[in-house]
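Right, one structure below, let's go through it.
Coordinate-derived values only; no laboratory data. Computed from a prediction, not measured in an experiment: that's the story for all the values here. As a convention, Cβ positions derive from the backbone with ideal geometry for all residues, glycine included, and neighbour counts pool all protein chains shown.
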Amino acid sequence: MLFDGIAFAPRSSQRHIAQLDVSQANQLSLRVDGDIISCDLQYADISAPLGKLPVKFIFPNGWVFTVERNADVNQWLVLNKQSSWIDKLETNWLAWIVSAVVCLCAVLIFYCYVLPWTSDKVAKAVPEHIAVSLGDKILEGLDNSWEESKLSVEQQQQIRQRLAQHLTHLEKLPYSIKLEFRASDMGANAFALPGGKIVLLDDMVQLAEGPQQLDSIILHEIGHIHHNHMLKKLVHSSLLSVGVALLTGESSGVIDNLAGLGVFLLSNGHSREAELEADAYARVAMLERYGTSQPLAQILKLLDEQNASDIPEWISTHPDFEQRIQAANEE
Ligand SMILES: [Zn+2]
């Protein structure tokens, strides 16, 4: 049997039309430019062929012969036990289905268990100064669309003083807390950044009916810092984009810098579990400090009403807020 293909002389990229004679058992003969180059089959290096890629025969003296896949080539490879395990898989549908299921299970286990566990560990291992500078970078990004707070210096000082008092009663936090004030047209909101910075938007201060309601929001943000939610989410998303990049070969997700990703994550809010954890933290702190968690429930209700007027009913997060208000009401 003869295979028609292309041959390359040792260390040369010049193409030669050639034929490979495989009719003799355990021997390969390359016919090229009137010469015949022969070698024992066992000394030839035959590339493990993948799918429809050409097959490559490398002779001990350096000559290379490549041949496109066809039925004859495939049959010869099978007979000479040169087909790769992938080739064998391709002809075995059951193996294909099994490997697809195994892959799917691996992805699910990675997503549901490995990813959250690793995110947790990595977030905990991030040194404080890195978390702080990451938080600063995120704030820098947010400041592109935010403005300076319109609150008076006295007003800001009063809030900071109350925060300082709360901090003396709270158990040690992973970062030292710093309060920042900003104005934005995005509505009443507050954010906890990696590294311990809390940003309070003017509208949130306006919305709160009294200092206790505002304190419960600040304590909720401290709850996010206590649980390190933002950093965990950031690590989680980064690992996920690395995972997706590895699986799909699409690497643009990895290139997204962390700070840019942080801004994106903040604007998309925390998960429901994270919000409930931060609420629970604030509720306990409110009960200890003021003997009631009602102000938390009240401000959540006000936020819910604000959302209801801003966002169409069908995408608003009503059930979540109802659950959160109910939980905050538990004394
Ligand atoms: Zn929150």
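Give me the dipole magnitude in Debye, nearest 20, for the range 2-83 about the Cα centre, with unit charges on the beta carbon: positive for Lys and Arg, negative for Asp and Glu. All intermediate terms of the calculation are to be shown ahead of the outcome.
Working: 7 positive and 8 negative charges, 57 e Å.
Computed charge dipole of the range 2-83: roughly 280 debye.
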How big is D, in µm² s⁻¹, for the range 181-250 by Stokes-Einstein at 10 °C and 1.306 mPa s if Rh is the Kirkwood radius over C-alpha pairs?
115
What's the Kirkwood radius of the range 2-83 in Å, using all Cα pairs?
12.6
Take the alpha carbon atoms of the range 185-205, find their center, do the same for the range 154-169, and report the distance between the two centers in whole angstrom.
15
Report the extension gain between Ser12 and Ser47 in nm, rounded to one decimal, defined as 0.36 nm multiplied by the number of residues separating them, less their alpha carbon distance.
10.7 nm
Between Thr292 and Ser99, how many nm apart are label points set 7 Å from Cα along the C-beta direction?
6.6
Any idea how far apart Ser271 and Glu171 come out in nm if each label point goes 7 Å out from Cα toward Cβ?
2.2
As a test of understanding, state the convex hull volume per residue of the range 1-148 from its alpha carbons, in Å³.
255
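Where does each of 141-149, 98-106 land if you order them by average Cβ count within 10 Å, highest first?
Values: 141-149: 14.3, 98-106: 10.7.
Order by mean packing, descending: 141-149, 98-106.
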Once normalised by the length of the range 1-153, the mean sequence separation of its alpha carbon contacts under 8 Å that are 6 or more apart gives a contact order in percent of 14
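Between Val122 and Ala71, what length comes free when the chain is fully extended (0.36 nm per residue of separation minus the Cα-Cα distance, one decimal in nm)? Display every interim value, and only then the final one.
Details: separation 51, 0.36 × 51 = 18.36 nm, distance 5.14 nm.
So the chain would gain 13.2 nm between Val122 and Ala71.
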